Amino acid sequence: MSDILIKPARAVSGTFTVPGDKSISHRALILSAMAEGKSKISGLSDARDVASTRQCIEKLGIKISSLKGGIIAVAGKGKYGFREAKAPLDAGNSGSTIRLLSGVAAAQPFTTTITGDESLCRRPMRRIIEPLEQMGAHIESNGYKAPLVIRGGALRSIDYASTIASAQVKSCILLAGLYANGTTRVTEPSPSRDHTERMLESFGVKARFSQSGAGVQGPATLQACDVTIPGDLSSASFFLVMASLLADSEITIQQVSVNPTRMGIYDALSAMGAMIQASPAVILQGEPRADLSVRSSKLHAAALGGSMIPRIIDEIPVLAVAATQAQGVTTIRDAGELRLKESDRLAAICKNLSAMGANIRETKDGMIITGPTPLHGAEIDSYDDHRIAMAFAVAGLIASGETLIKNGTCTEISFPGFFGLLDRIRHD
Ligand code: S3P
């Protein structure tokens, strides 16, 4: 990984797309692999995390090929069409890969070992181990952390009341539930993203879902389906914030996912006074998509907490940068989950924004930011966390002087073309 130097920009402008949604891409690969027949996926994310999912599935014996026009074909062999991998699966940096695939591995008549990089091996896995064991799987772990050795077998359905709002946990259990007899239900304290539930319907499986949770009826059979993936709103959010903060800026990002469970960034920025607009949405395979336009505006502070948090969980780093330029005191509460992401994001945001001159205080489950405060360039630690690197690239654009982002190229985890796109739309 290399460092990245960010110089201040005067403005950004243009109309462009961002890569396919990462969460939807993982699910498209996994459900296609479980389905009977060939599925074609358009707009699959080129993120390193998604490549990890693809490689894991291939190691489980599923053929995936790249066709013309960036289309990916997955030759699904049904939900028992996997074969035992010869070596441990490597989920790399990707929580979605390890947690979702664990739900599938738990039901296979063989053993699967899944591991990942140093960051992934620090992240909590008890949240999936406990429900999968209740369903009948046997999982060995390193103190509830990866590597996981999953001894799969016949599963029974469960009613699971998750204490955390996590789409990765919910999806893991629902995928396992597709193999169990009866209804598997998951409830959660606030709604998390619902891409698995929506996509299951496209693959011919009726998933029931509401504000409080989701359920599937097993055993279920998935039929191959063609999926067109919308742009990733989480990747778009860095551009939405930079265009709001830099004077004389106006951008349009085309065909971005506007799934309501992900739209917290739109709602939060609107509440802060951003001039942001969405075109009428088009729904394909259950997922709405629209063009988002935003132009420069003066922002004011907001209070972010409660059920809003799962809807902005990946956007809090860049929203914190926006808050430094907003008039008043922005509070972020109930966001303790951020300490358990690719890095401790609460600590990373507060340490780095303080180094750039922001008025920010870290709390147990969030932060308090008083603005507006001019930022100055500094040496920033990305903590090898893609969303920290991109949030601080945005901070660097609005700061005076130069900002050096250590290991800034970790952006490849979710958005390999991030810095190239930034160079194309910036004006100095
Ligand atoms: C994801 C869910 C979220 C999110 C992550 C991707 C998914 O994690 O932070 O980047 O694809 O389901 P949690 O569900 O654990 O909060």
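The values are calculated or read from the model by the stated rules, or taken from the named source; none is laboratory data. The shown structure was predicted, so the numbers you read here are calculated from the model rather than taken from an experiment. All Cβ positions, even for glycine, are placed from backbone atoms using ideal geometry, and neighbour counts span all protein chains on display. Accessible surface is based on the protein model in full, side chains and every heavy atom, while ligands, DNA and RNA are left aside. Shrake-Rupley method; radii C 1.70, N 1.55, O 1.52, S 1.80 Å.
At-a-glance table
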{"quantity": "Mean Cβ neighbour count within 10 Å, used as a protection proxy, ranking 381-391, 109-119, 45-55 highest first", "calculated": "381-391, 45-55, 109-119"}
{"quantity": "Angle in degrees between helix 167-177 and the longest Cα principal axis of the chain, rounded to the nearest 10", "calculated": "10"}
{"quantity": "Part-to-part distance (alpha-carbon centres) for the range 253-290 and the range 63-99, which is given in Å", "calculated": "29"}
{"quantity": "Tensor-based shape of the range 55-109 (alpha-carbon gyration tensor, a/c under 1.5 rounded, otherwise prolate or oblate)", "calculated": "oblate"}
{"quantity": "Local electrostatic count, I425, Cβ distance below 14 Å [Lys/Arg +1, Asp/Glu -1]", "calculated": "0"}
{"quantity": "Angle in degrees between helix 22-34 and the longest Cα principal axis of the chain, rounded to the nearest 10", "calculated": "10"}
{"quantity": "Helix 233-245 vs. the chain, principal-axis angle (Cα, 0 to 90°, nearest 10)", "calculated": "10"}
{"quantity": "Straight-distance crosslink candidates among lysines, where the alpha carbon sits under 29 Å from K68 and sequence neighbours closer than 8 are dropped", "calculated": "K22, K38, K40, K59, K77, K79"}
{"quantity": "Gyration tensor verdict on the range 278-428 (Cα atoms; rounded if a/c is under 1.5, prolate if a/b is larger than b/c, oblate otherwise)", "calculated": "rounded"}
{"quantity": "Charge context of A161, other residues only, Cβ under 11 angstrom, K/R +1, D/E -1", "calculated": "-1"}
{"quantity": "The chain, relative contact order [Cα under 8 Å, separation at least 6], %", "calculated": "18"}
{"quantity": "Charge sum, other residues only, whose C-beta stays under 13 Å from K7's C-beta, Lys/Arg counted +1 and Asp/Glu -1", "calculated": "-1"}
{"quantity": "Alpha-carbon gyration tensor eigenvalues x 5, square-rooted, for the chain, Å", "calculated": "36, 22, 20"}
{"quantity": "Cα-based shape type of the range 216-337, given that a ≥ b ≥ c are square roots of the gyration tensor eigenvalues and the cut on a/c is 1.5", "calculated": "oblate"}
{"quantity": "Ellipticity estimate at 222 nm from DSSP helix runs (n ≥ 4, -39,500 (n - 2.57)) divided over the chain, nearest 500", "calculated": "-9000 deg cm²/dmol"}
{"quantity": "Heavy-atom surface of the range 1-93, accessible at 1.4 Å and reported per residue (Å²)", "calculated": "42"}
{"quantity": "Rounded to 5, the percent of DSSP beta bridges in the range 338-418 classed as antiparallel", "calculated": "55"}
